[in-house]
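The values are calculated or read from the model by the stated rules, or taken from the named source; none is laboratory data. Quantities reported herein were computed from a predicted structural model and do not represent experimental measurements. All Cβ positions, even for glycine, are placed from backbone atoms using ideal geometry, and neighbour counts span all protein chains on display. Heavy atoms of the whole protein, side chains included, go into the accessibility calculation; ligands, DNA and RNA do not. Shrake-Rupley method; radii C 1.70, N 1.55, O 1.52, S 1.80 Å.
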Amino acid sequence: MTDRDEWPLWEVFVRAKRGLSHVHVGSLHAPDAPMAVRNARDVFTRRQEGVSIWVVPSDVVVASSPDEKDAFFDPAGDKIYRHPTFYTVPEGVEHL
Amino acid sequence: MTADLPAAGAVAPAESAAVFAYTLRLADDALVYAQRMGEWIAKAPQLEEDVALANIALDLLGQARSLLTYAGEVEGAERGEDELAYFRDERDFVNAQIFELPIGDFGFTVARMLVTSSYQYALYTLLQDSTDPVLAAIAAKAVKEVDYHRDHATQWTLRLGDGTPESARRISGGLVEVWPYVAELFESDELVRELATTGVAVDPERLEDPVSTYLDTVLLAATLGRPDVAVRHTGGRRGVHTEHLGYLLAEMQYLARSHPGARW
Amino acid sequence: MGAIGWLVDGAAIVNQVPLCRCSYGPYARAMVRVCKEESFHQRQGFEILNTLSHGTPAQHAMAQDAVDRWWWPSLMMFGPPDDASPNSAQSMAWGIKRFSNDQLRQRFVDMTVPQSQALGLTLPDPDLRWNAERGSYDIGEIDFSELFEVIKGNGPCNAARMNHRRTAHEEGAWVREAAAAYAAKHRAPQASAA
């Protein structure tokens, strides 16, 4: 098969009826965006999983590098003051 | 499947025979076409298209089941959906011939789907207002499904018509092949005219203009022309079919007929 | 078809559910979706066999014949016995495979035997019996030669299936090309040439 007839890959995100965010549910091949959205509806919403579909060409997704995982994510690990539970609040004080 | 439909109301006997006959036409269109579209499973040009065509077939089968069940109730002769689907002979099937034609290549399938889904969309849009509450309810559900089928056929007509020279040749060929069977969809007769006056049925003649307009719009955008074909085939509504229906029914009905009386 | 839904999809579920938590993301995500599909196939298969088994004598015979045909292949779906499985050690070390072939096979048998009793159908294994000590069913010896033939490509349907796939793919080439050509023509202006 020639490369010519290879359809690009798309990542699919679906937001559920009661969801706030689109969730990544998988990927599929489609020749262009309109067909990608329609294919996503057929392939990923078989059980009324969603009210909104996003499709994104896979090759425009920019991902953080697994090799840089440490430098990227570890510094946040010892900044425990970013968690609300770090702080002490006297008993009886409300709405904090 | 039919649990959420209003119960078949009290209909006068003479009218019920007419409603039965009319409903059967819609049911057979859907049933025969569902059986045909199922033949694309594992054969489609791409996996995603396989899923799409299978979904379309399932939608049609669902419509067929609702319509056949209702037809059986209206007839009042204790024939359920299975009895009607599997134990009627060819001459008792009243689908339009366009639905029984073999799937052909993808170009033919898209050409046929463009016509049939446009027809069904126009039909169900109006049938939603039927004075028969069951037909209205079935139509209200079906119209959303065939809206999607029509969109699917349209997307493919554009891509095949305005794709490569080969694809344009194939979809043009498909249109030429299917065109002789288009006119039958819009034929009227005494049965349907009578039922249309009471608001039960939709006279197919009313559908010709909106469907024609839609087809012309799509064909133009797809850089395709209307086929110049004068031949017209008809007879399906009278039980007169192409040679293809016999084979389709033989395959579809074989198991049930081999074990009459068995429950599945 | 009922036997395949109940047994083959049933075996697939036992095999694949652990993979939903495996270490390789794309595989795990795909398995979650596959398992959703398989689980209703399994129930549908069971229901089909239940209806047949309790139907006419001819229907009961159909159901029994199908189970007789598909029982052993379902067991073989879990792969060779642990001591003859070349890739298992590596996959387990990497966290992709979480349970051994024999463990999963045993789990499947223990689940399925009571279901066969509910169906009123027998399983074609004369050595199948409950072992109170182990708390599991003993299985007769599996003849894996059929499995190895199929994996090598010599099964009864291998050639037909590959042929069908190739033909469908080749016959669909003009469609895929057309869609790609259309997409190229209608892409954003910066991509088009004069």
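For segment C:1-100, a Kirkwood hydrodynamic radius built from all Cα pairs, placed in the Stokes-Einstein relation at 20 °C and 1.002 mPa s, yields a translational diffusion coefficient of 145 µm²/s. Distance from the Cα centroid of segment B:56-75 to that of segment A:1-70 is 34 Å (rounded to whole angstrom). Here residue A:17 is the anchor, and the aspartates and glutamates within straight C-alpha reach of less than 18 Å, apart from those fewer than 8 places off in the same chain, are A:42, A:49. Taking all protein chains together and rolling a 1.4 Å probe, residue C:23 ends up with roughly 80 Å² accessible.
With N residues in segment B:167-225, what two-decimal value do you get for its Cα radius of gyration over 2.2 N^0.38 Å? Provide the component values of the computation, followed by the final result.
Details: Rg = 14.9 Å, N = 59, 2.2 N^0.38 = 10.4 Å.
Cα-based Rg divided by the globular estimate yields 1.44.
If I model segment A:1-50 as equal point scatterers sitting on the Cα atoms and use the Debye formula, what is log10 I(q)/I(0) at q = 0.20 Å⁻¹? The computed values of log10 I(q)/I(0) come out as -0.68.
With N denoting the number of residues in segment B:143-264, provide Rg(C-alpha) divided by 2.2 N^0.38 Å, to two decimal places. Compactness ratio reported: 1.36.
Based on DSSP H runs of at least 4 residues, each adding -39500 (n - 2.57), what is the mean residue ellipticity at 222 nm of chain B after dividing by all its residues, to the nearest 500 deg cm²/dmol? Show your work: numbers first, answer last.
On the way: 9 runs with 163 residues, N = 264.
Result for chain B: -21000 deg cm²/dmol, rounded to the nearest 500.
For segment B:82-214, the Kirkwood hydrodynamic radius from C-alpha pairs, put into Stokes-Einstein at 10 °C and a viscosity of 1.306 mPa s, yields a diffusion coefficient of 99 µm² per second. Ranked by the mean number of other Cβ atoms within 10 Å of their residues, highest first, the peptides C:1-10, C:42-51 come out as C:1-10, C:42-51.
Just so you know, the Rg over Rh for chain B is 0.96, from Cα atoms, with Rh as the Kirkwood radius.
When the pairs B:43/C:185; A:69/C:185; B:144/C:185 are compared against a 29 Å limit on Cα-Cα distance, A:69/C:185; B:144/C:185 fall above it. With every protein chain in place and a 1.4 angstrom probe, the accessible-area ranking of C:138, B:82, largest first, reads B:82, C:138. What number in nm² do you get for segment B:196-254 if you take the convex hull of its Cα atoms and divide its surface by four? Directional mean of the projected Cα hull area for segment B:196-254 stands at 7.1 nm².
Listed by chain and number, the aspartates and glutamates whose alpha-carbon sits under 16 Å from that of residue C:152, ignoring those within fewer than 8 places in the same chain, are C:143.
To the nearest whole number, what is the average tally of beta carbon atoms from other chains within 10 Å of the beta carbons of peptide B:151-159? Shielding by partners across B:151-159 averages 4. Whole-Hz Karplus values for segment B:197-208 come out as 5, 8, x, 6, 9, 10, 5, x, 4, 5, 8, 4 Hz, taken residue by residue from phi with 6.51 cos²θ - 1.76 cosθ + 1.60 and θ = phi - 60°; glycine and proline positions read x. When only alpha carbons of segment C:95-194 are considered, Rg and Dmax amount to 25.2, 80 Å. Between residue B:141 and residue B:92, the distance separating the two model label sites (each 7 Å from Cα on the Cα→Cβ line) works out to 2.5 nm.
When the P(r) of segment B:81-129 is calculated, the portion above 17 Å amounts to 53% of the C-alpha pairs. Here the Karplus curve 6.51 cos²θ - 1.76 cosθ + 1.60, taken at θ = phi - 60°, turns the phi angles of segment B:111-120 into couplings of 4, 5, 5, 4, 5, 5, 6, 5, 4, 5 Hz, with x standing for Gly and Pro. With the largest listed first and rounded to whole Å, the semi-axes of the equivalent ellipsoid of chain C from the Cα gyration tensor are 39, 23, 17. For the protein assembly as shown, what number results from the quotient of the Cα radius of gyration and 2.2 N^0.38 Å? Taking the Cα Rg and dividing by 2.2 N^0.38 Å, one obtains 1.16.
Look at the dipole of chain C built from charges on Cβ: of C:91, C:172, C:32, the Cα furthest out on the positive end belongs to C:172.
Here the average projected area of the convex hull drawn through the C-alpha atoms of segment C:25-74 stands at 4.0 nm². So how tilted is helix C:158-171 from the main axis of chain C? Cα-based, degrees 0 to 90, rounded to 10. Compared with the principal axis, the helix lies near 20 degrees.
Treating each Cα of chain A as one equal point scatterer and applying the Debye formula with no solvent, the log10 of I(q)/I(0) at q = 0.19 Å⁻¹ comes out as -0.92.
For residue C:128, nonlocal amide neighbours, meaning residues 5 or more places apart or on other chains whose placed amide H falls under 5 Å from its own, are C:140. Ellipsoid fit via the Cα gyration tensor, segment B:1-156: semi-axes of 28, 17, 13 Å, each the root of five times an eigenvalue, largest first.
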